[in-house]
């Protein structure tokens, strides 16, 4: 949906392909964090559309930090993270490089329940704008404070609930349009059920919103949501939980 003097609603049915990799999650006995990217996460999502085949590429990794623990059940790392995000959900695009301070953890709540998560906050340099231009040029870049909160609940290696929220606030500092600013949010919620071995089925909801404000043109509000039914090929028997 676009709101800049024009409102439109579009429904599409198409295939998507997602790939996600976590490397070096805390909790494995004897694993150390001595070098950059001893922990990292990579996510890629493609769309079945020739004019816009890539929905997102997101990478974050520990540049400098260390591990810590709270008892035997809570294992974590913290330090300085580097990140690159590219998000293009049909109607707008945003790209950002960043450095953040934060933590990534695994909490073994019980014998059959694990909670994994990351909380990051930092600053980067980002650019955002319309895909299909309506009226004047709508494109902005500048210094961008940003944050991420991610939680994953794993129940008995049978069910996994994922929730990830991201926010980018693109200021006019360091850009060509000092009076403009943008706030972009991305929410991803997924529920996955193991069927047999490494095979699972899931449902996912993905929402992206953009609110752009400029002194010399109307405000722009855009949002797009995707509901997907998915087949998942899992990497191991534990939904990524380390033992």
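The values are calculated or read from the model by the stated rules, or taken from the named source; none is laboratory data. Source: prediction; values computed, not measured. So basically every Cβ, Gly included, is an ideal-geometry build from the backbone, and we count neighbours across all protein chains shown.
Structural remarks
- Test for residue 55: is it part of a strand (DSSP E or B), modelled with pLDDT under 95 and surrounded by 17 or more Cβ atoms within 10 Å (Cβ to Cβ): yes
- The set of residues in the range 179-204 being exposed (fewer than 13 other Cβ atoms within 10 Å of the Cβ) and part of a loop (DSSP other than H, G, I, E, B) consists of 179, 197, 198.
- Residue check for residue 212: part of a loop (DSSP other than H, G, I, E, B), at negative phi and modelled with pLDDT under 95: no
- Residue ID - farthest from residue 211 (Cα to Cα), chosen from residues in the range 148-161 that are without any contact (Cβ under 8 Å) to a residue 40 or more places away in the chain and part of a strand (DSSP E or B): 159
- Flag if residue 62 is within 18 Å of residue 117 (Cα to Cα), free of Cβ contacts under 8 Å to residues at least 24 places away in the same chain and in contact with a strand residue (DSSP E or B) (Cβ under 9 Å, 6 or more places away or on another chain): no
- Checking 79, 102 one by one, the residue that is modelled with pLDDT of 95 or more, part of a strand (DSSP E or B), surrounded by fewer than 20 Cβ atoms within 10 Å (Cβ to Cβ) and touching a strand residue (DSSP E or B) at 6+ places or on another chain (Cβ under 6 Å) is 79 and no other.
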